[in-house]
1. Show me the three semi-axes of the equivalent ellipsoid for the stretch 135-265, from the C-alpha gyration tensor (sqrt of 5 times each eigenvalue), largest first, rounded to whole Å.
2. So for the stretch 291-446, what are the equivalent ellipsoid semi-axes in whole Å, largest first, each being the square root of 5 times an eigenvalue of the Cα gyration tensor?
3. If you take the Cα Rg of the stretch 191-334 and divide it by 2.2 N^0.38 Å, with N the number of residues, what do you get?
4. For the pair Leu403 and Asn114, what calculated FRET efficiency results from E = 1/(1 + (r/R0)^6), where r is the Cβ-Cβ distance and R0 = 56 Å, to the nearest 0.05?
5. Per 0.36 nm of contour for each residue apart, how much would the distance between Asp177 and Val418 grow if the chain were fully extended, relative to their Cα-Cα spacing?
6. Could you give each residue of the stretch 428-436 its phi-based ³J(HN,Hα) in whole Hz, using Karplus coefficients 6.51, -1.76, 1.60 with θ = phi - 60°, and x for Gly or Pro?
7. Mind jotting down the distance between the C-alpha centroids of the stretch 183-234 and the stretch 120-150, whole Å?
8. Tell me, rounded to the nearest percent, the portion of alpha carbon pairs in the stretch 333-393 spaced more than 13 Å apart.
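Read-outs throughout are calculated quantities, based only on the coordinates presented, and are distinct from any laboratory measurement. Predicted model only: the values in this text are computed from it and were never measured. Positions of Cβ are backbone-derived with ideal geometry, glycine not excepted, and every protein chain shown enters the neighbour counts.
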Amino acid sequence: MVEKAKNREQWTSFLGVVLMALLLPGILRLTNSLVRYVVGAEGRLSAIAVESDRVLGPMPKPWTALAQGGDNLKAFLQGHESKVQVLGPKYLRIDHIYDLFNVVSRNDSGLVFNWTELDKLVEEIVAVGARPFFSLSYMPVAISSGDILSEPKDWQEWSLVVQKTIEHYSGELGLSDVYYEVWNEPDLFGNWKIGGKKDYRVLYYYAALGAARANGVKAYKLGGPATTGLYKNWLDGMFRYVMQNKLRMDFFSYHRYDLDLLKYAEDVKSIDLWVNSYPYLSHVEKIVSEMGPSSEMGGNNDNILGAAYTVATARELMGKIKYGFGFSVSGNWGVIGKPRYESLQFLSRLGENRLSVTGEGSWVKAIGAKNGSKYQVLLVNYDPKQTHSEVVPVSFLGLNDKLFNLTVEMVGGIKRTVEVATTEAILQTSVPMSPNSVAIVELEAKN
């Protein structure tokens, strides 16, 4: 009797599992229908379709750039080399290069340059597969009229410092495509302005003169001003001055710390509009040389909202700017060991070919890619209010193969892989996404 009861219990449990498997797709569709009804005019839900046979071109990757400030600067890579290398950064930005690394001193003969300390850090940057992006800051005490935020006593000496920096890294060390950014947040650090007694344009002028005098160097890029935000008076003042004085300017940089994606989009639209008045500088790259959820340490920099922000801003800025430097690698603002790092890992896994994606909603955004034999789509349900959930239908269209491994992995460690088959050129699945979740879906044909 006991055995029969046990068998009946097992059989009932088995039927429950089968029934749930049969009903789950319908439950998911019903859930989405109810959510769509409730959402109404508030926003648009997603229905993602990845066109596996439609390559848009090379994948733009503005996220392959990270910045490090003075916090933990000298040792920011030590012990983290393999973790940084996995992210595949093309550039690592560093500031404080003159005041923290004892580069410039003076003796009876004039200025003396010692690159030993800074070279060690640059060697570490190159070892992880990246190039240095130098913020030429701050004023060497040996030439300053006051402290590290002051003007130089002699502008020609500042010009020489920039010249020697470029000659050393782009010449003697033979590094190609290095970026040199004149100062860091001049509107904050040093209270520089456009015009007036302490004019940033003079700082840039003499830096550009020094760059022009650099001999025996490989291709490099010069720009700025790396202000705390995007300001029209700075762009107008800089571009007009650069044109009038026939100065070199390869990129225009600024910073943005904000959870609002519209601010990032508005920045790009504004620059594109303003630059129309300066056709001579239409080639100038747009670079956000520092960005993050918050300029303050902790908080959203370290939580799941920060992880969603990382993917959402990457999606917003791809194809619109050259690079967006996430701040920072390690230390108090660092991504290492935080959810933001996992999002960067997901981004780094995307292939070199961008696939067409349709069906994005008000909250869920997507990036499609092809990596070898894998079709990929990276999803983010970005909601700073942390209230919106939805079950995201995902379809892969234009498939030739019939048998696949389907893998869904979430930031936070949840991962599942199942074998799926289709008799048509389309394969469909659903991904439940809670507020600020990030998922990568990969479809790989089986031999």
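1. That gives 24, 19, 14 Å for the three semi-axes.
2. In descending order, the three semi-axes are 29, 16, 14 Å.
3. Relative to the rule-of-thumb radius for its length, the stretch 191-334 sits at 1.13.
4. That gives a FRET efficiency of 0.35.
5. 82.4 nm
6. Taking θ as phi minus 60°, the curve returns 10, 8, 9, 10, x, 10, 7, x, 6 Hz for the stretch 428-436.
7. After rounding, the separation between the Cα centres reads 14 Å.
8. The calculated P(r) of the stretch 333-393 puts 68 percent of pairs beyond 13 Å.
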